[in-house]
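Colleague: The structure under discussion is supplied below as structure tokens; questions concerning it will follow.
The values are calculated or read from the model by the stated rules, or taken from the named source; none is laboratory data. Note that the structure is a prediction, hence the values are computed from the model and not measured. Cβ atoms come from the backbone with ideal geometry, glycine included; neighbour counts cover every protein chain shown. Heads up: the accessible areas ignore ligands, DNA and RNA and are worked out on the full protein's heavy atoms, side chains in. Shrake-Rupley method; radii C 1.70, N 1.55, O 1.52, S 1.80 Å.
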Amino acid sequence: MSRPLSLSDLDLPRRNGELAFDAPWQSTVFALTAAVVDFAFGGDREPFRQQLIKAIAAEPGRPYWESWTAALEALVQTLPERRTTHALTKRDRKCHGLGVPDPPSSSRPGISSITR
Amino acid sequence: MSEGAHHPAPVSPVEQRVAALEALLTERGLVPGGFIEEITRRYESQIGPMNGAKVVARAWADPGYKQRLLADGTAAIAELGFGGPEGDHMVVVENSTAVHNVIVCTLCSCYPWPTLGLPPAWYKDPPYRARMVREPRALLAEMGCPLPGEVQIRVWDSSAEVRYLVLPQRPPGTEDMTGAELAGLVTRDSMIGVARL
């Protein structure tokens, strides 16, 4: 049986590959997508995946992160205005397990049941 | 729209579009303060192939864990603390002397983020996505992974939900290594299946 491993046992992921992002706008559009998936789609990645498949098929030679950007633009167009008004419930925040602070306690009670 | 007005460097069209998206989504209350920085930090420094390497090393060293990993990849990977987006339905496929596994996403770029991080550029490019299905043996050879003719190649195309991770063969002569030493042998490419150890 091996002993438990810790993060410090190994180098950062880039040792095994390449940088995750080549430019700040790429990490921004990646994180914006995570936000939309988590907070507007309840963690369901499939709607974005379908848009990404369409964007890549539409212009196969386009740089990857530009197709990703086009996919997010298309996904945002499908967002009903009213859904986003219920964003950032405590439950939604757990999708990425982030330690993002909760909204102010003055926010509407029962909001999580609306987005259930 | 004029946030970039004071930037000394010219802003590319795609940067402008991303800035517009950020402004729109922030205004609609979908981007908590610090969210972009936190996600970026995670995927640049915490989530990557070193996580998958720990899974593989544990499977090599612990037969009970390996059994659980092959039976229910998601649960066994979660035992080591890894999970999240693109890792909800993990299937681990084991290499042997007779069978070599390799993963691809023919339609876009599906990839097991919690164990491998974000995919490398070539994984997302059309040649890899098309050729790994059509002519895997030739492409693997071109990528530095020639396989004997008798080795069967299994290509796993990520479907809507399932994400695959290749369990490479344990190299000979590693019986006395610690878990950390074993993990240090495991490369990202071996867990995609475009390299053998």
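Colleague: Can you compute 3J(HN,Hα) from phi for each residue in the range B:48-62, using the Karplus curve 6.51 cos²θ - 1.76 cosθ + 1.60 with θ = phi - 60°, rounded to whole Hz and x for Gly and Pro?
Modeller: Karplus values, whole Hz, x for Gly and Pro: x, x, 5, 6, x, 4, 5, 4, 5, 4, 5, 5, 5, 8, 10.
Colleague: Shifting gears a bit: Across chain B, how large is the tail of the calculated P(r) beyond 23 Å, expressed as a percent of all Cα pairs?
Modeller: Values: 9949 of 19306 pairs.
Of the Cα pairs, 52 percent sit more than 23 Å apart.
Colleague: List for the range B:18-37: residues with 50 Å² or greater reduction in accessible area, all protein chains versus chain alone, probe 1.4 Å?
Modeller: At a threshold of 50 Å² (probe 1.4 Å), the residues of the range B:18-37 that become less exposed are B:VAL18, B:LEU21, B:LEU25, B:ARG28, B:LEU30, B:PRO32, B:PHE35, B:ILE36.
Colleague: Of the accessible area of the range B:48-192, with the probe set at 1.4 angstrom, what percent is carbon plus sulfur? Could you put the intermediate results ahead of the total?
Modeller: Values: 3060 of 5650 Å².
Carbon and sulfur together cover 54 percent of it.
Colleague: Also, quick follow-up: Please compute the per residue accessible area over chain B with all protein chains in place, 1.4 Å probe, rounded to a whole number of Å². Mind showing how you got there, number by number?
Modeller: On the way: 8720 Å² over 197 residues.
Averaged over the residues of chain B, the accessible area is 44 Å².
Colleague: What list of ³J(HN,Hα) values in whole Hz, one per residue of the range B:107-112 in order, does the Karplus curve 6.51 cos²θ - 1.76 cosθ + 1.60 (θ = phi - 60°) give from phi, with Gly and Pro shown as x?
Modeller: For the range B:107-112, the Karplus-derived couplings read 9, 8, 8, 4, 6, x Hz, x marking Gly and Pro.
Colleague: Cut-off 10 angstrom, C-alpha nodes, Gaussian network model of chain B. Which of B:PRO32, B:PRO13, B:PRO114 fluctuates the most?
Modeller: Highest fluctuation among the options: B:PRO13.
Colleague: Can you tell which of B:ASP176, B:ASP88, B:ASP72 shows the greatest fluctuation in a Gaussian network model of chain B with Cα springs below 10 Å?
Modeller: B:ASP176
Colleague: May I ask for the accessible area buried between chains B and A, both sides summed, probe 1.4 Å, to the nearest 100 Å²? Before the final figure, lay out the partial values.
Modeller: Numbers: alone 11280 and 8840 Å², together 15010 Å².
About 5100 Å² of accessible surface is lost on pairing.
Colleague: Using a simple spin-label model with points 7 Å from Cα along the Cα→Cβ vector, what separation in nm is obtained for A:GLN77 and B:GLN169?
Modeller: The modelled label-to-label distance comes out at 5.1 nm.
Colleague: Can you check what the Kirkwood hydrodynamic radius comes to for the range B:1-113, Cα pairs only, in Å to one decimal?
Modeller: On the way: mean 1/r = 0.0566 Å⁻¹.
Radius from the Kirkwood sum: 17.7 Å.
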